[in-house]
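The block underneath contains the structure these notes are about, expressed in structure tokens.
Bear in mind that the values in this text are calculations on the coordinates, not laboratory data. If you're wondering where the values come from, they're calculated on a predicted model, not measured in any experiment. Here the Cβ is made from the backbone with ideal geometry for all residues, glycine too, and neighbour counts use every protein chain on show.
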Amino acid sequence: MEPVVFAAERFGFHAPFFEVLTDGLIHKTYKVTANNRSAILQQVNTNVFKDLDAVTSNYQLIYKHLERSGKLRIPGMLKTVDQQLTWVDKENSCWRAFEFMANTYTETLPASPEKIFSAAKCYGEFTAALNELDAQHLKPTIPGFHDLANRYHQLQAAVLHASHERLNKSRLLLEKIRQRTVLVDFYNGLKSNPDFRLRAMHHDTKLSNILFDKASGQAVCPIDLDTVMPGYFFSDVGDMIRSMVSSQDENAPADSVSVNSEIYRAIISGYEAGIGSTFTSAEQENIHRSGMMMLYMQAIRFLADYLSNDVYYKINYPEQNFERALNQLTLLEKLDAFVSASSKA
């Protein structure tokens, strides 16, 4: 039998019908159904999320907080037949299950500005709904994930150990990155500024991480909450901008990326509508830095991996991480120009 069948049985789904939803970069996800009851079943990638107890306890903390507040509903975790929240099979793979929210679906890019607005509003509502939760009660599931200063330090370390060939090829990109270290300075400053709150942030705000209602087409709630941990205002709105504002993703040629002004405005206005008055004035004033910070950070990560001989990101050809870094820096330059022109208009 398939491993998913054994796992489904541990969560009370005997002789299930199962459908592969995604075999993505992180987890393997299935919809399992038995006796007119469905659930979402995941085989967890413990190479990425090494502290599964932290992931699970964070989810339970978030779920209970949202349940008490009544502001937003997310899928509940299901228990195994012996009342555990996870199960490890004989291959040492870890499984978990979530409530299946009927009449919902996920979207992928490209999408309309209206759909993007709804998703951004939902992510903002999620942050607002967790406003009273002390973020320090959440455990970092990927330490230093959106720590821009740490990412810049990792790049500097990669430079010291890079081959002459790769370092020489990267000199122009390294200079472009050094020219924007004001973003690192800004990040270092906000950590000690009480006007920028340490918040419970999603940290992975792809369009596909939102459930939409089949009837209305409106966003219902965020999913894939493994990266919800303490963070700062720029992470979620910035990651939406980074991943949605251009019709081309980070694997496309750099000269093909562009800023879609309608999508950018939909992300900003949607997020502002969702987060409302829980944003501080300092966060609001700096919201347009968000996309630039996330693009800058992702460019740094790609280039650091290229200089380290591609140890983190999967590649299909030797120069791919270099090209990805160039892609992100090019989009950053275009976004900077767009934001500057918009502020003068």
Open item on the list: Using the Kirkwood radius over C-alpha pairs as Rh, can you work out the diffusion coefficient of the chain via Stokes-Einstein at 10 °C, viscosity 1.306 mPa s, in µm² per second?
Closed with: 75
TODO: Hey, can you grab everything whose amide H is under 5 Å from the amide H of Ile223? Only 5+ residues off in sequence or another chain; H modelled, so Pro and N-termini drop out.
DONE: Ile210, Leu211
Open item on the list: I'd like the distance between the alpha-carbon centres of the range 24-56 and the range 177-235, rounded to an integer number of Å.
Closed with: 22
Task: Euclidean distance between Cα centres, the range 241-313 to the range 70-98, Å - done: 32
Open item on the list: Using each residue's phi in the range 202-209, evaluate 6.51 cos²θ - 1.76 cosθ + 1.60 at θ = phi - 60° and report the 3J(HN,Hα) Karplus result to the nearest Hz, with x for Gly and Pro.
Closed with: 6, 6, 8, 8, 5, 4, 6, 9
- [ ] List, in order, the whole-Hz ³J(HN,Hα) value for each residue of the range 234-249 obtained from phi through the Karplus relation with A = 6.51, B = -1.76, C = 1.60 and θ = phi - 60°; use x for Gly and Pro.
- [x] 6, 4, 6, 5, x, 5, 4, 4, 4, 8, 10, 6, 10, 6, 10, 8
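Distance check, please: which entries in Lys31/Lys206; Lys79/Lys314; Lys169/Lys191 exceed 31 angstrom between their Cα atoms? Could the numbers behind the result be given before it?
On the way: Lys31/Lys206 20 Å; Lys79/Lys314 34 Å; Lys169/Lys191 34 Å.
Distance filter (> 31 Å) returns Lys79/Lys314; Lys169/Lys191.
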Open item on the list: Cut-off is 10 Å between beta-carbons; in what order do Thr56, Thr106 appear when sorted fewest neighbours first?
Closed with: Thr106, Thr56
Task: Per-pair calculated FRET efficiency, R0 = 45 Å: Asn47 and Lys169 via Cβ, rounded to 0.05 - done: 0.95
Open item on the list: Could you identify which residue out of Arg180, Arg289, Arg301 has the top mean-square fluctuation in a GNM of the chain using Cα springs shorter than 10 Å?
Closed with: Arg180
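Let me have the 222 nm mean residue ellipticity of the chain computed from DSSP H runs of 4+ only, each contributing -39500 (n - 2.57), with the sum over all residues rounded to the nearest 500.
-14000 deg cm²/dmol
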Task: Ranked list, fewest to most other Cβ atoms within 10 Å of each Cβ, for Met101, Met201 - done: Met101, Met201
TODO: Extending each Cα 7 Å along its Cβ direction at Glu99 and Ser258, get the distance between those two points in nm, one decimal.
DONE: 4.4
TODO: Compare His161, His288, His137 in a GNM of the chain, Cα atoms joined below 10 Å, and give the one with the largest fluctuation.
DONE: His161
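At a 10 Å Cβ-Cβ cut-off, how would you order Leu109, Leu173, fewest neighbours first?
Working: Leu109 16, Leu173 20.
So the ranking, lowest neighbour count to highest, is Leu109, Leu173.
Please work out the ratio of the alpha-carbon Rg of the range 5-141 to 2.2 N^0.38 Å and round it to two decimals.
Numbers: Rg = 16.2 Å, N = 137, 2.2 N^0.38 = 14.3 Å.
Compactness ratio reported: 1.14.
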Open item on the list: If you take every residue apart from Pro110 with its C-beta less than 12 Å away from the C-beta of Pro110, what net charge results, scoring Lys and Arg +1 and Asp and Glu -1?
Closed with: -2
Open item on the list: Just to be sure I understand: with springs between alpha-carbon atoms less than 10 Å apart, which residue in Met293, Met244, Met77 has the highest mean-square fluctuation in the Gaussian network model of the chain?
Closed with: Met77
